[in-house]
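**Student:** My questions all concern the structure below.
The values are calculated or read from the model by the stated rules, or taken from the named source; none is laboratory data. Please read all numbers here as calculations on a predicted model, not as lab measurements. A quick note on method: Cβ atoms are made from the backbone with ideal geometry, for glycine too, and the neighbour counts reach across all protein chains shown.
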Amino acid sequence: MASEFGALSLVPPLLAIVLAVVTRRAMLSLFIGIWVGAIIIVNEISFVGGFHFEPKSPGVAQMFDWIINSIGNSTFNAKILVFTLLIGAGIALIWRLGGAFAITRFATRGINSHRRAGVTTWLLGLLWNFDDYANNAIVGSSMKDIADEMKMSREKLAYILDSTAAPMATIGLSSWVAFEIGLIHTQYEELGIQGETPTAATTFLQSIPFNMYAILALAMVGIIVITQRDFGEMLTAENRAQQTGNVIREDAQPLQSIKEDLGEPALENAPLRMFVLPVFALVSVVISGAVITGYAPGRTPVEMFENTDVAGALVWGSFAMVATGIVLSQVHGAMSLDETMETVLDGFGTMLPAVSILVLAWSIGSVATALETGAYVTAYAEGVVSPLMLPVVIFLISAFISLAIGTSWGTMSIMTPIVVPMAWSIGGESSQLIAIAVGAMFSGAIFGDNCSPISDTTVLASTFSGSDHIDHVRTQMYYAGTVLIATAVMYLLYGLTNINPFILLPLGVVVLVALVYVFSEWDAKRKNVPSKPAAKRQSRPDVTSDD
């Protein structure tokens, strides 16, 4: 059933996205989008069946209800906010203890080029596949100073973080997998076809080769960091960093600015443990907490994933990071206890912009739910999609919804009850088409998650890279759009030829390499700049990761 608000259901999220990209003011744009949604809801504005408008109020009360409920009604959201604040405190302690410079000195012995910094960040993102939030926090915190040392723009670092975190989480050993399997299982039960299909877990495994955007997005990051070729606004950002040493744009507003807020480190030539021990505490507690909360006698690994409390584990891990930093500061006499606690509070403060955007992003998701944005978009696909076009149509619709509402999980929740019955019916009650359709849906959801300025994962990538949020979105869109094109072509080829996806995926990588080469050469000539940076070791930039 389509949304009773019709096309108006698209206005708030799309308005927020357009304003964010045009004005570079993420919080203001999100706030306006939420307010417009409240005005539509409260005054029952609709063009369905003719114009309808019942003037009642300016919608301020409804707007703040959504904002407050995004924090209070979801313990998951509340845990993510606590995790974000504690991570800020942990990073602040590492900075004040000199751990950031210690890891930079250690790592640059082997990472002595722009390419190696990029490749290392990419590989760490692939390895840390348990959770996208933790991926951004750990990899970003570990690599930011090293990336600055190699004059890598913050926009490039944010892109590497963002385009490995969510794509890897959707196919790795993560909470995402449990969520996705749970959605499929629910639909099998609703349709009463559990005995006629493979298990939900098997269907998920079968869908992985068809989750082409996620796989090709990971490949795209590798292509970019290995070839060192850029295009679009990223080319401008990278040449700025290489030529001037300014890893952020002059008027940028990074979501995290450690040095400005915290001052100089308390210790000079700090030992490496000032970085390693807090980060080890974070990683080990997160993994242990996830295993402990998911384990029960007799549970399968899939059932453990379904029952684990990843958000809780993130909170415990970030607290362990802070506690370790406090102990180190006292054992080494780096700061008095008062100074240490002030650093913790200052660390909270560095995360307030990110927390604000997260809350507003969740709130506009509530707007999209209330206006039934997803239902409006998907209603037009039912009854007109053939098996030939099913993968590409589902992919594009999911991509649009995810871009509009800013959440891949929300998109999956909206689309799964539509995609699974549709694929079952169109495929003549065969389970094969379900795996294909589910993979295409996951692909679209990840694209929107990468591109939307109202996505929480995108916000966190900007935060832990120290990038201006909208600069990150604007530079990443060119690369995500390139992967979108390649993915759509692969789905069309599959529909036309039924070629094995394990043949299509390498072909997709070849297409990406060709597109990157053509776009980078054309854009570099157009802008009269080098298409890639020098391969030699870079000197320390004038603007560090904490400016």
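**Student:** Condition first: buried (at least 24 other Cβ atoms within 10 Å of the Cβ), modelled with pLDDT of 90 or more and β-branched (Val, Ile, Thr). Now tell me which residues in the range 115-152 satisfy that.
**Tutor:** THR121
**Student:** Tell me whether the range 488-507 contains one or more residues that are under 30 Å from ALA147 (Cα atoms) and surrounded by 24 or more Cβ atoms within 10 Å (Cβ to Cβ).
**Tutor:** Taking every residue of the range 488-507 in turn, none turns out to be under 30 Å from ALA147 (Cα atoms) and surrounded by 24 or more Cβ atoms within 10 Å (Cβ to Cβ).
**Student:** Does the range 116-164 hold any residues that are hydrophobic (A, V, I, L, M, F, W, C) and in contact with a Phe, Trp or Tyr (Cβ under 8 Å, 6 or more places away or on another chain), and which are they?
**Tutor:** Scanning the range 116-164 gives ALA134, ALA137, ILE138, VAL139, ILE160, LEU161.
**Student:** State the number of residues belonging to the range 7-38 that are buried (at least 18 other Cβ atoms within 10 Å of the Cβ), touching a residue at least 40 places away in the same chain (Cβ under 8 Å) and part of a helix (DSSP H, G or I).
**Tutor:** Selection size over the range 7-38: 16.
Yes/no per residue for (1) at pLDDT 85 or above; (2) surrounded by 16 or more Cβ atoms within 10 Å (Cβ to Cβ); (3) under 17 Å from SER462 (Cβ atoms); (4) of a type in the set (Asp, Glu):
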{"site": "ARG249", "(1), (2), (3), (4)": "yes, yes, yes, no"}
{"site": "ILE258", "(1), (2), (3), (4)": "no, yes, yes, no"}
{"site": "GLU268", "(1), (2), (3), (4)": "no, no, no, yes"}
{"site": "VAL302", "(1), (2), (3), (4)": "no, yes, no, no"}
{"site": "GLU306", "(1), (2), (3), (4)": "no, yes, no, yes"}
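**Student:** Something else now. Would a scan of the range 46-59 turn up a residue that is over 19 Å from LEU403 (Cβ atoms), crowded, with 16+ Cβ neighbours inside 10 Å and modelled with pLDDT of 80 or more?
**Tutor:** Among the residues of the range 46-59, at least one is over 19 Å from LEU403 (Cβ atoms), crowded, with 16+ Cβ neighbours inside 10 Å and modelled with pLDDT of 80 or more, which makes the answer yes.
Conditions tested, residue by residue: (1) surrounded by 24 or more Cβ atoms within 10 Å (Cβ to Cβ); (2) at pLDDT 75 or above; (3) under 30 Å from LEU30 (Cβ atoms).
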position	(1), (2), (3)
GLY383	no, no, no
PRO387	no, no, no
PRO391	yes, yes, no
ALA399	yes, yes, yes
SER402	yes, yes, yes
THR416	no, yes, yes
VAL420	yes, yes, no
GLY427	no, no, no
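**Student:** Could you grab me the full set of residues in the range 411-466 that are among the small types (Gly, Ala, Ser), touching a residue at least 24 places away in the same chain (Cβ under 8 Å) and at positive phi?
**Tutor:** The one that is among the small types (Gly, Ala, Ser), touching a residue at least 24 places away in the same chain (Cβ under 8 Å) and at positive phi: GLY466.
**Student:** What are the pairs with Cβ atoms under 9 angstrom where one residue, in the range 361-384, is at positive phi and the other, located anywhere, is at pLDDT below 75? Sequence gap at least six, or different chains.
**Tutor:** So the pair list comes out as GLU372/MET1; GLU372/ALA2; GLU372/SER3.
**Student:** Quick one: which residue in GLU190, GLU155 is part of a helix (DSSP H, G or I), modelled with pLDDT under 90 and either surrounded by 23 or more Cβ atoms within 10 Å (Cβ to Cβ) or not β-branched (Val, Ile, Thr) (or both)?
**Tutor:** Result of the check over GLU190, GLU155: GLU190.
**Student:** Now, a different point. I'd like to check something: does the range 208-224 contain any residue that is closer than 28 Å to ALA399 by Cβ, modelled with pLDDT of 75 or more and in a loop (DSSP other than H, G, I, E, B)?
**Tutor:** yes
**Student:** Now a separate question. Could you look through the range 460-489, keep only residues that are out of contact with any Leu (no Cβ under 8 Å at 6 or more places or on another chain) and of a type in the set (Ser, Thr, Tyr), and pick out the one that is nearest to PRO167 (Cα to Cα)?
**Tutor:** Per the stated criteria, the residue is TYR479.
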